[in-house]
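Here's the structure, in structure tokens; my notes come after.
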Amino acid sequence: MTDRLDSDHTTNLLPQVIEQILTSSQEDRFLADLLDALPIGVVVLDTAGRVVRYNLHEQRLAQRTAESVMGRHFFREVAPCTAASGLLPAFERYAHRGGELQVDLHFQFPFAHLKVPRDVRLRLRGFDSGDRRFAFLLVEDITEEMQARRLRELLAMLVAHDMKNPLTAIRLNVDMVMRELRQGQAGSAVSERLGDARIAAERLDRMIRLFLDVYRLENAELPVAFAPVDPLSLAHELLRNQTPLAEIYGLQLTCEGAAAPISSDASLLMRIVENLLDNAMRHARNVIRLVLRDSDEAVEVEVIDDGQGVPEDAKGLIFDKFASLSADLRGYNQGLGLTFCKLAVDRLGGLLSVHDASPRGALFRLRLPRVPPAAAAAPF
């Protein structure tokens, strides 16, 4: 709250400071230094849209010198991505007719020197200096603020929507074990109930790790190490690890086909397919097929179940966070499993899609290039 009040106060004082600088017959170093010392980007424009002031914080934020932007049209040459927002029309109305100029908006700004757009708060204001009109734009990097807000929202949704189920299972099983122990009825059921509680605890642990990894992937903070990976060896390891769980569900897990080695992150790829298999186990009736194949310059991995399948109108939503809150996904994407898969596949430079299986069920197809694109392989 304090930061917002300080920012508002700065906004109100700036016209006076800028006017003093613009109207002074000599450069007022104190005021110019004051403008540069502000922890917020300041861009001053004349009515033609040309940059007449570009303070030090904005230079650091945009990684551009004042000399490189002075006299250039801000909306068309310096930051053309802002032209599609409401800033340019409002500025042009003000430039031609005068009156009040006051636009506030939140904007994801694709700075050229950064891999991921930053969240910025933009404030556009107009002011008169003698018989001339000017405008100034305040640029605040609020990425950390927005990330914290998204983290709180994501955690709240996760707790409300998914975590309550395994927590309830743990609590109920432990309560029943304690009651049976008190009543002297402990027997084979105790071991079964503790086993159920352990499964629920592992599911909860997986949810928490998924939550953290989705957050890190969305903010480009999850490191990826590319190295040679043999898809067939990885598939056989997955089969060994997942078959016992499939048998508990009463399902048959098979592996078909083969694929040549690729450059990828084995650990991340393993987790992607594990999540796809876990998702399939909740829906398959009898069989889950893991299929490998070579395709052009890529390798395809398919996870196919024989369940009800994904409704056609839900396929475009299935990888969204908590899409099942607002769409009929027949239980698919409970929580963050498929969201994690989509973000992780993107990070590996691949594609993840969902299709109808034949004769029924869902088919999730993971397509990975043999050699990842430079953008994926580059370290963050």
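The values are calculated or read from the model by the stated rules, or taken from the named source; none is laboratory data. Here the structure is a predicted model, which is why all the values come from computation and not from measurement. In this analysis, Cβ positions are derived from the backbone assuming ideal geometry, glycine residues included, and neighbour counts consider all displayed protein chains.
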Those residues of region 221-234 which are within 20 Å of E297 (Cα to Cα), in contact (Cβ under 8 Å) with a residue 60 or more places away in the chain and under 28 Å from the mean Cα position of the chain (by Cα), in sequence order: F226, P231
Is it fair to say D46 is surrounded by 11 or more Cβ atoms within 10 Å (Cβ to Cβ), at pLDDT 65 or above, farther than 13 Å from V139 by Cβ and not aliphatic (A, V, I, L, M)? yes
For R152, state whether it is modelled with pLDDT of 75 or more, loosely packed, with under 15 Cβ neighbours inside 10 Å and either part of a helix (DSSP H, G or I) or assigned by TED's automatic domain parsing to the domain that holds A197 (or both). no
Reported set for region 75-103 where residues are in contact (Cβ under 8 Å) with a residue 40 or more places away in the chain and within 22 Å of T65 (Cβ to Cβ) is T82
Within the group R206, R193, R198, which residue is farther than 17 Å from E302 by Cα and either under 21 Å from the mean Cα position of the chain (by Cα) or assigned by TED's automatic domain parsing to the domain that holds R365 (or both)? R206
Single condition Y249 does not satisfy, out of (1) of a type outside the set (A, V, I, L, M, F, W, C); (2) touching a residue at least 24 places away in the same chain (Cβ under 8 Å); (3) closer than 22 Å to I288 by Cβ; (4) in contact with a strand residue (DSSP E or B) (Cβ under 7 Å, 6 or more places away or on another chain): (4)
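Do we find that G126 is touching a Leu at 6+ places or on another chain (Cβ under 6 Å), small (G, A, S) and not in a helix (DSSP H, G or I) in this structure? Break it down into steps so the answer makes sense when it comes.
On the way: touching a Leu at 6+ places or on another chain (Cβ under 6 Å): yes; small (G, A, S): yes; not in a helix (DSSP H, G or I): yes.
Spelling it out, G126 is indeed touching a Leu at 6+ places or on another chain (Cβ under 6 Å), small (G, A, S) and not in a helix (DSSP H, G or I).
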How many of the residues making up region 58-67 are in contact with a helix residue (DSSP H, G or I) (Cβ under 9 Å, 6 or more places away or on another chain) and without any contact (Cβ under 8 Å) to a residue 24 or more places away in the chain? 4
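Pick from E67, E100, E58: which is among the acidic types (D, E), at pLDDT 75 or above and surrounded by 19 or more Cβ atoms within 10 Å (Cβ to Cβ)?
Details: E67 fails: surrounded by 19 or more Cβ atoms within 10 Å (Cβ to Cβ); E100 fails: surrounded by 19 or more Cβ atoms within 10 Å (Cβ to Cβ).
Only one candidate qualifies: E58.
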Evaluate region 326-337: report whether one residue or more is touching a Ser or Thr at 6+ places or on another chain (Cβ under 6 Å) and either at pLDDT 80 or above or in a helix (DSSP H, G or I) (or both). no
For region 218-236, name all the residues that are modelled with pLDDT of 90 or more and surrounded by 14 or more Cβ atoms within 10 Å (Cβ to Cβ). F226, V229, D230, P231, L232, L234, A235
